[in-house]
Amino acid sequence: MPPSLFLEQMLNGLQFGLMLFLLAAGLTLVFGIMDMINLAHGSLYMIGAYLTATLVGLTGVFWLAVVLAVLGTALIGMLLEVSILRQLYRRDHLSQVLATFALILILNEGVRLIWGSQPLLLSAPEGLSGPVEILPGLFYSAFRLTIIAVGLAVAVLLLLLVNHTRAGMWLRAGASNREMAQAMGVPIKPLFTLLFGVGAALCAVAGAFLGPILAVQVGMGESILILAFVVIVIGGIGSIKGALVGALLVGIVDTAGRAFLPLLLGQVASPEVASNLGPALASILIYLLMAVVLFFKPQGLFPART
Amino acid sequence: MLRKGWLLLLLGLLLAFPPVASATGLEFYMGLLTKIMIFALAASSLNLILGYGGMVSFGHAAYFGVGAYTVAILTREGLTSAWVIWPVALALCALLAFLIGAISLRTRGVYFIMITLAFAQMIYFVVVSFKQYGGEDGLRARRPEFGLFELNDTTLYYLTLGVLAACLYGLYRLVGSRFGRVLQAIRENESRTAALGYPVYYFQLLAFVLAGTLAGLAGVLMAHYTQYASPNLLAWQQSGHLMMMVILGGVGQFWGGVLGAVVLSLVEEVLQDLTIHWQLGVGVILLLVVLFAPKGLAGLWRRRKGL
Amino acid sequence: MSLLVLEGLSKQFGGLAAVNNCHLQVEAGQIHALIGPNGAGKTTLINLISGALPPTRGRIYFDGQEITSLPQHRRVRLGLARTFQITNLYKNYTVLENLELAVQARLGSSFRFWQPVSRERGLREEAEKVSELLGLSARNHTPVAQLSHGEQRQLEVGLALACQPKLLLLDEPMAGLGLEESERMVELIARLGQSLSILLIEHDMNAVFRLSARISVLVYGQVIASGPPEEIRANPEVHKAYLGDEGGAL
Amino acid sequence: MKKVLWLLVFLGLVGFSLAQPRSVKVGFVSTLSGGGAALGIDARDGFNLAVRLLNNQLGGLPVEVLIADDQQNPDVARQAVDRMLKRDRVDFLTGIIFSNILLAVGEAIFEEKVFYISLNAGPSEYAGERCSPYFFNAAWQNDNLHEAMGQYVQTRRFENVFLLAPNYPAGRDALTGFKRFYRGRVVAEVYHRLNQLDFSAEIAQIRAARPRAVYAFEPGAMGVNFIKQYAEAGLMREIPLFLPGFSADADVIRAVGRALVGVYNSSQWALELNNPVNQRFVEEFRKAYGRTPTLYASQGYDTALMLDAAIRAVGGDLSKKDELRKAFLAGFNSTRGPLKFNPNGYPIQNYYLRQVIQAPNGEIVNRLVGTIFTNHSDAYVSQCKLR
């Protein structure tokens, strides 16, 4: 295998992983701190992508549309928190699952009523469509490079925020022990609303940047939600660092599995078997990864709660 | 528990339904009832571990689907006797539940939810990778021979009714038995139950295997009903669907699984007839139930009756 | 041979040694108290003995048999029962239901799937006996959540008692009790001490010195002294390491 | 007492059905929610449009169309079909988009001796040995568009080609169809998991393999994702991409935009096919729904026309199953011109080459370029014993 192909696949894994991280970061914080399972997290990602697509159509400027969509989605997220989700914090996980599943159905149909069933157009900004030569002979999509840059920037920002600010300290305290945070006099309610807004904003960022390479359509949230859950469980619920490591692991393992597993199988088995088995094994790989991690570390790689 | 009289009346009505249906051209509802009863069995089996055992399995569809696929694959391979197919399917589901449970029960809480999901997903992808068994298209499942009677829509209805009634009675005895009591004690307070000297792990594992086997039984019936095994039966959405039924009906309430299966199926059926945007309606109803009936519909019922 | 022997027992949590090379012998037929400042590793030790946690190093012998790697339920069957420092009951169940579960555990045939447990007279009668011993008969059908704190602590002991242990591990049975309730608990423990061996962890020094035949002092996960109450009271080591300036309180 | 009551209900039902004027009931089971909904909705809109233009009649009989959503789930579809067969007693069924759904319900429909007119799904199973007298397909056999593209790539003399499809039976069948007519070298035949979102790994493989051409079978949202990412990687200009028609139709153009320009695709239908039926369809569809119709819409429209023609031919007597079958086989006047059928129920028709271009006014359209096959039949018809 040429090294440039290997490098390209690693970049692909990195890019996919970073986008998963954006989704997983909000999910893991909401889960870890509020102890709330929010299945509707993926719906916020969908809303973010739809808003971006609509705003690009209206303003014609990609970056402006992204900023507005992120703000809009954060607002919608906070509205959801204040109106419905807040009532679920004290309820058991199963009620939360049922309620937020109901929200998925409602939001999906709502989006369908507003925008219709056909997928929406969302293209990468003019200057970024097309490849650039990052190493001699290695061409890579400029937009995917942008995604990597944005993902890394947000990851660094989040880690700084969580590890080096007062609000971040509250968050960590809350993730490890809710009662203690409350006893410290942290204004829990507004903090939760704000946190939910941040989670929604991160979803919108993912939606805005994945929209140009994935189909913007109803149901796009659910297909990626399960992956986000896999990520946070591997990383350890409530841990931003865990979410980052988990997301990169999932991104790279999944990409590498798809890219290299059929080739490897081709070396040892007949092409017929390899082409049958390869995709199946590649699909299983991330679930296998999760099962193995949980087998050895039942609390994930970086448990936030002790 | 509902009063005996009401139960007998309900059973009588269900027994009398098929002749009435075929006389009045309502055969469709016989099929619908068959499907609902199958889901009632699957949801009740999930309720055993989720409600009574406190084990939130997000991979219950695996056994449901494997049960159905066993029927499809064996009939395709030329086996026609239900007396072979049923035991093989159930044994396979039991074995699978044993392996998955033995590993998954090392974890707790959300990690348990996710590891059961992981195993179910692996099974899903393994099953669809067998091209000779239909892959993503699914596989036709012929109805097997029982010898005593021919399996048609009517006999399948009675068979399902009989299996459901027997399983529910068995579950009823189980949750009131010594074993059932310990299972619920573990849900209430695991560390205390362990400190009393109960081997918690084995109790949970046994319940897990039992629930998986019953779900497999439901899957076998499902294959007889649709004469088809589709990958959708194994998908995580199916696990979610079963969970919705249990939560909607009432977690850990004896009739929770049955009630949830009946209500959710009927709501979907009615709303689908009315509008393409029926999922909006289902969503709103589910949300209202969570907000205003915290213990599910069975809980609502109990509260009304002041029990 | 002593009833319970700990040999070089250690438990590490990450880099922290909660129990560190601990040696202890508990004789049969007496109340043995284990005292020590907060964070000395007393509850961890109970968790190790009862099997709730596996030790990092060391061995545990009970009744002449090594139990270091036995699972918790096997130890209970051998006659080791414990209580919890923080009340740990089936809150939604009644007193009798709590006790019946303990009795059923001892009878050891819980893999029965058919007979309704509500009709089992034997379980109920034994549970009633224990309840009477605890003085909770009047509360038999009250859900635990509605009991007073003192009653809950008594039931906590009762659940362990219903296992009919050879050695009872009591983890701060007096925690949070008022004066009168404490007195009742001391009486209960003294009564129990006549017929079975007890390893008692307690902060209430008054109670400890009244009840125990032998006292061990745990500091930083190690037993630094062991002996009859008078000896411990007089031990300068104990005063220095554990009691500090408040030593006068003894 | 109870018996009397049931008797009354029974009599009421009988009386009701006798009192009804003669009419025709059509069950339309399709994917109307979830990821594949756009397809089903387009087909439904096309079907409904034709019914409306026929004054809500088919073959002179008043028509009632019952619509149900299969959620792209075989079990749900099974339930819906059961309801329509046993409760609503429909005369015809149609609407299913996906082959795996059709395979799950087909036998049950044929057993009831109800005609199923497929408007999209064309599985090979029903084309060969398992063909049924009650099955017709107004669109295609699944392999056809791929065969056409294979033929075209062959005539362009591309010396090798890279093939890509999801790992499921229809994906494998599609590439088999392509290879049936393409004789050059296949550089690689890559199968990925169904409903995959990200294609970066596959695109990197394509780039490394440097094939002369790429043929990809990516139905639904996968197509949108793949094409966007293929263009994003800058491969559109380097390695020409060939697609089946449904991956480059109006709906995909709407979602992908300019990235599609230049792509060749094969179809049995095209927007500018020059016949009066098609011209009216395109015009009325745009007027009614405000968007450009896709081939799915044309197939829905044609299915209604096909029913109309056959019912008219038997004079509205739906009990004459044999004559209905003959009427279906005789064909009808479709948006693709006069259409005839093989004994296995699949059409004999032309397949066209189209190319996505940017029109002078800036609009991106899929333009008809030429004809690949004329009067083409599917590869399985000889295995079907029906006459």
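The values are calculated or read from the model by the stated rules, or taken from the named source; none is laboratory data. Please read these numbers as outputs of a predicted model, since none were measured by experiment. Every residue, glycine among them, receives a Cβ derived from its backbone with ideal geometry; neighbour counts consider all protein chains shown. Ligands, DNA and RNA are stripped out before the accessible areas are found, and what is left, the full protein with its side chains, is counted by its heavy atoms. Shrake-Rupley method; radii C 1.70, N 1.55, O 1.52, S 1.80 Å.
Taking the numbered list (1) without any contact (Cβ under 8 Å) to a residue 12 or more places away in the chain; (2) open to solvent by 30 Å² or more (accessible area, probe 1.4 Å) in turn, C:Leu53 passes all entries but (1). Against the numbered list (1) open to solvent by 10 Å² or more (accessible area, probe 1.4 Å); (2) touching a Phe, Trp or Tyr at 6+ places or on another chain (Cβ under 9 Å), A:Leu27 comes up short only at (1).
As a summary of the residue check, B:Ser265 satisfies the conditions (1) touching a Lys or Arg at 6+ places or on another chain (Cβ under 8 Å); (2) buried (at least 24 other Cβ atoms within 10 Å of the Cβ); (3) away from chain A (no Cβ under 14 Å) except for the one numbered (2). Filtering region D:236-251 to residues that are of a type in the set (A, V, I, L, M, F, W, C), modelled with pLDDT of 90 or more and either open to solvent by less than 10 Å² (accessible area, probe 1.4 Å) or not in a helix (DSSP H, G or I) (or both) leaves D:Ile239, D:Leu241, D:Phe242, D:Leu243, D:Ala248. Taking B:Ser230 as the residue in question, decide whether it is out of contact with any strand residue (DSSP E or B) (no Cβ under 9 Å at 6 or more places or on another chain) and under 30 Å from D:Ser99 (Cα atoms). So B:Ser230 does not fit the description; no.
Need at least 1 residues that are more than 29 Å from D:Gly106 (Cα to Cα) and acidic (Asp, Glu) per element, so show me which strands (runs of 3 or more DSSP E) inside region D:128-227 make the cut, counting only ones lying wholly within it. So that I can check it myself, show each step before the final result.
Numbers: elements: D:135-137, D:160-166, D:185-192, D:214-216.
Passing ranges, in order: D:185-192.
The number of residues in region D:85-113 that are crowded, with 23+ Cβ neighbours inside 10 Å and more than 22 Å from D:Arg130 (Cα to Cα) comes to 1.
Would region D:264-272 turn up any residue that is more than 21 Å from A:Pro125 (Cα to Cα), open to solvent by less than 30 Å² (accessible area, probe 1.4 Å), touching a residue at least 40 places away in the same chain (Cβ under 8 Å) and among the acidic types (Asp, Glu)? Checked region D:264-272: no residue is more than 21 Å from A:Pro125 (Cα to Cα), open to solvent by less than 30 Å² (accessible area, probe 1.4 Å), touching a residue at least 40 places away in the same chain (Cβ under 8 Å) and among the acidic types (Asp, Glu).
Please go through region C:115-141 and give me each residue that is without any contact (Cβ under 8 Å) to a residue 24 or more places away in the chain and basic (Lys, Arg), ordered by number. Break it down into steps so the answer makes sense when it comes.
Step one: list which residues in region C:115-141 are without any contact (Cβ under 8 Å) to a residue 24 or more places away in the chain, which gives C:115-123, C:125, C:129, C:132, C:137-138.
Answer for region C:115-141, where residues must be without any contact (Cβ under 8 Å) to a residue 24 or more places away in the chain and basic (Lys, Arg): C:Arg119, C:Arg121, C:Lys129.
Scanning region D:202-234 for residues that are of a type in the set (A, V, I, L, M) and within 19 Å of A:Ser4 (Cα to Cα) yields D:Ile203, D:Ala204, D:Ile206, D:Ala208, D:Ala209, D:Ala233. Going through region D:173-193 one residue at a time, which ones are within 14 Å of another protein chain (Cβ to nearest Cβ), open to solvent by less than 60 Å² (accessible area, probe 1.4 Å), more than 19 Å from the chain's Cα centre (by Cα) and closer than 20 Å to D:Asn142 by Cα? Hits for region D:173-193 are D:Val190, D:Tyr191, D:His192, D:Arg193. Given the structure, is A:Leu202 open to solvent by less than 10 Å² (accessible area, probe 1.4 Å), within 30 Å of A:Gly116 (Cα to Cα), modelled with pLDDT of 85 or more and under 13 Å from the mean Cα position of the chain (by Cα)? No: the conditions fail for A:Leu202.
What about A:Ser83, is it open to solvent by 10 Å² or more (accessible area, probe 1.4 Å) and of a type in the set (Ser, Thr, Tyr)? Show your work before the answer.
Values: open to solvent by 10 Å² or more (accessible area, probe 1.4 Å): yes; of a type in the set (Ser, Thr, Tyr): yes.
When the stated conditions are applied, A:Ser83 passes them.
Scanning region C:67-105 for residues that are facing another protein chain (nearest Cβ under 7 Å) and assigned to a helix (DSSP H, G or I) turns up C:Gln72, C:His73, C:Val76, C:Arg77, C:Leu101, C:Ala102, C:Gln104, C:Ala105. In region D:185-199, the residues that are touching a residue at least 40 places away in the same chain (Cβ under 8 Å) form Cβ pairs under 7 Å with partners that are open to solvent by 50 Å² or more (accessible area, probe 1.4 Å), at six or more places apart or across chains, as follows: D:Asn195/A:Ser223. Pairs linking a residue in region D:358-387 that is free of Cβ contacts under 8 Å to residues at least 12 places away in the same chain to a residue that is open to solvent by 90 Å² or more (accessible area, probe 1.4 Å), with Cβ atoms under 9 Å and 6 or more positions apart or on different chains, are D:Ala359/D:Arg367. Among the residues making up region D:145-172, those that are open to solvent by 10 Å² or more (accessible area, probe 1.4 Å) and hydrophobic (A, V, I, L, M, F, W, C) are D:Phe158, D:Ala170.
Contact map, region B:153-164: first residue free of Cβ contacts under 8 Å to residues at least 24 places away in the same chain, second residue open to solvent by 40 Å² or more (accessible area, probe 1.4 Å), Cβ cut-off under 7 Å, separation 6 or more or different chains; pairs are B:Thr155/B:Phe149.
For region A:87-141, a tally of residues being crowded, with 22+ Cβ neighbours inside 10 Å, outside any helix (DSSP H, G or I) and more than 7 Å from every other protein chain (Cβ to nearest Cβ) returns 2. Mind listing whichever residues of region B:194-209 are surrounded by fewer than 24 Cβ atoms within 10 Å (Cβ to Cβ), part of a helix (DSSP H, G or I) and facing chain C (nearest Cβ under 9 Å)? Passing the criteria: B:Ala194, B:Val200, B:Tyr201, B:Tyr202, B:Phe203, B:Leu206. Only one entry in A:Leu27, A:Leu80 is more than 14 Å from chain D (Cβ to nearest Cβ), in a helix (DSSP H, G or I), more than 13 Å from the chain's Cα centre (by Cα) and not hydroxyl-bearing (Ser, Thr, Tyr), namely A:Leu80. The residues on offer are A:Val230, A:Val253, and the sole one that is assigned to a helix (DSSP H, G or I) and open to solvent by 20 Å² or more (accessible area, probe 1.4 Å) is A:Val253.
Only residues that are more than 7 Å from every other protein chain (Cβ to nearest Cβ), hydrophobic (A, V, I, L, M, F, W, C) and surrounded by fewer than 23 Cβ atoms within 10 Å (Cβ to Cβ) were counted in region D:52-83, giving 8.
Total residues in region B:18-55 satisfying the condition of being of a type outside the set (Ser, Thr, Tyr), touching a residue at least 24 places away in the same chain (Cβ under 8 Å) and in a helix (DSSP H, G or I): the figure is 21.
Residues that are more than 22 Å from the chain's Cα centre (by Cα), away from chain C (no Cβ under 14 Å) and not basic (Lys, Arg) do not occur anywhere in region B:211-223. Does C:Lys42 satisfy being away from every other protein chain (no Cβ under 14 Å), in contact with a Pro (Cβ under 9 Å, 6 or more places away or on another chain), touching a residue at least 12 places away in the same chain (Cβ under 8 Å) and open to solvent by less than 40 Å² (accessible area, probe 1.4 Å)? The answer is no for C:Lys42. For region B:145-165, check the following and say yes or no: at least one residue is open to solvent by less than 20 Å² (accessible area, probe 1.4 Å) and over 24 Å from the mean Cα position of the chain (by Cα). For region B:145-165, residues open to solvent by less than 20 Å² (accessible area, probe 1.4 Å) and over 24 Å from the mean Cα position of the chain (by Cα): absent.
Which residue, of A:Gly242, A:Gly238, is in contact with a Leu (Cβ under 9 Å, 6 or more places away or on another chain) and either under 30 Å from D:Ala209 (Cα atoms) or not in a helix (DSSP H, G or I) (or both)?
Working: A:Gly242 fails: either under 30 Å from D:Ala209 (Cα atoms) or not in a helix (DSSP H, G or I) (or both).
Of the residues listed, the single one that is in contact with a Leu (Cβ under 9 Å, 6 or more places away or on another chain) and either under 30 Å from D:Ala209 (Cα atoms) or not in a helix (DSSP H, G or I) (or both) is A:Gly238.
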